[in-house]
1. How charged is the neighbourhood of Leu473? Take every other residue with its Cβ under 13 Å from the Cβ of Leu473, and add Lys/Arg as +1 and Asp/Glu as -1.
2. Please work out the FRET efficiency for the pair Ser278 and Ser424, using the Cβ-Cβ distance as r and a Förster radius of 35 Å; give the result to the nearest 0.05.
3. From the phi of every residue in the range 492-501, what ³J(HN,Hα) in whole Hz does the Karplus formula 6.51 cos²θ - 1.76 cosθ + 1.60 yield, where θ is phi - 60° and glycine or proline is x?
4. Output the peptides 343-352, 136-145, 197-206 sorted from most to least packed, where packing is the average of other Cβ atoms within 10 Å over each peptide's residues.
5. Show me the ranking of peptides 415-422, 373-380, 168-175 by mean Cβ neighbours inside 10 Å, starting with the highest.
6. Which links in Lys334/Lys447; Lys188/Lys453; Lys254/Lys447; Lys101/Lys500 stretch past 20 Å when you go from one Cα to the other?
7. Can you list residues from other chains, or at least 5 along the same chain, whose modelled amide H is less than 5 Å from the amide H of Trp249?
8. Summing +1 for each Lys or Arg and -1 for each Asp or Glu, what net charge is found among the other residues whose Cβ lies under 14 Å from the Cβ of Val428?
Amino acid sequence: MTRVEQLRDLETAKQVAALLEAENARLHQRLEALVAENARLKGEDAQARLQLELEGLKEQLALLQKRLFGASSEKRGDRPPKPPRAKPQRGHGPTAQPELKVQEVLLPLDEADRVCGLCGSGLRTWEGQTEDCEEITVVERSFVLRRVRRQKYRCQQGCAPVTAPAPPRLIPGGRYSLEFAVYVALMKYGFHLPLARQERLYGREGLGVEAQTLWDQLDTLAGHLQKSYEALLAEVFSSPLIHADETYWLLLDKGPGTKWYAWTVASPDTVFHRILPSRSAATARAILGDYEGVVLVDGYAAYQTATKSGADGPAPATLAFCWAHVRRKFFEAKQFAPACEEVLRLIGQLYAIEADLPGWYALTGEERQAALAQRLAVRQQQSVPVAERIRQWALAQRAAPGSAFRKALEYMLKLWDGLSVYLSNPVVPIDNNHVERQMRDMVMGRKNHYGSKSKRGTEVAALFYSLIETARLRGEDPGHYLRRAALAAIENPGTVMLPKSQA
């Protein structure tokens, strides 16, 4: 059966939409009959029950339409206006470009024009005097066939000749350099350009290369970086706090593809992705392993199942839950339940308190301890009372079963213990937005090249996304890092080299 998201022909899509509309009307009539029969058997008011069911369906339809066609921003329109500028700003001026190379171009007059327009005498060059301006231009990239000639030497006494050593090669005897492979990796996993598009682009620039050849370079480069990638997980788990999240990923080996899942764990300066075929609690348990710190997650039940205490003792990890997900649910319910404005205002107060707190991860020693102490003290004094007001407000609300408002209330109250962890643990942030930001590249890549064509493709994708995003988090240029780490591994196989922190 063809799925709606796979349709590309407009007329076919219209026919499918008409069929779905007719099916929706039929199901609506069937729902009325079933609800009436169910209410009769239970001795309930059939009309009231039907109205409740229809209201729930209207809410679901409105939320679906907003997600499909509405703005993705969750900003509210009640923020205070910005103060007016003291002086009106006229343009922003040229942006400084300290990283660009400067190319000096001197424009002389043609010989025929070197005549004074007033007296007709000849013009002489005025040394050191020019009228200058700047412009930013583009110099087309060029691929170079570098012919390496290794000098040979012979002994004056007739011993064996000596040849200058060969430079490190990505593939022994291969034709493409390490720098080329790093560039291809950055284009695909850093800037979301599929290999087929790279093939066409490079062909336009004079380099004839097939997408399969580009993949061979990526596969080999990933092999050299494998040990560094594996070391990232230990780096993540060395933090007292980690973030975890997951999103779908397609394995395009058969037909439209099989849905796999990209699982991500991240500390404040390290990211580790892994793409696996399941989204189960068992997979979540395998991802988290024996980690004993705080795991900040959304409300997905697999994490709760994976960290439950069992017969072998208490769970090693402590779950903390994300306030941004709570806010999102009340924001969606606001159009049906105006009472949500109150809780959104109170959650906004929690975020305002967090905005003034110092960071802690980049600090060390006494500075870190002082920052953590301040975070804890402010949260206990200011955030705890606000959180308690939110809880009391939620307990006092009444909402129709199945409504968006009811679901938002139940979601928050069910996760309340985990939502309160950050109030007593100063290393825990208020939300899980950090890991969602680190998953954006994977989501953008998924939209551009749809997924991976093989299981090995999922492994290579997870490796490069992890290393590139960790380098960015730590302030090192990803291209410089990949070349540095791969060169070390080529010269000494098994070498582990992680991005340098610039903090």
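Taken together, the values in this text are just the output of simple stated rules run on the coordinates, not laboratory data. Predicted model only: the values in this text are computed from it and were never measured. Every residue, glycine among them, receives a Cβ derived from its backbone with ideal geometry; neighbour counts consider all protein chains shown.
1. Residues close to Leu473 contribute a combined charge of -1.
2. Efficiency, rounded to the nearest 0.05: 0.55.
3. 9, x, x, 5, 9, 9, 9, x, 7, 7
4. Going from most to least packed, we get 343-352, 197-206, 136-145.
5. Ranking, from highest mean packing down: 415-422, 373-380, 168-175.
6. Correct reply: Lys334/Lys447; Lys101/Lys500.
7. Amide H to amide H, under 5 Å and 5 or more residues apart or across chains, Trp249 pairs with Trp260, Tyr261, Ala262.
8. That sum, taken over residues with Cβ under 14 Å, equals -1.
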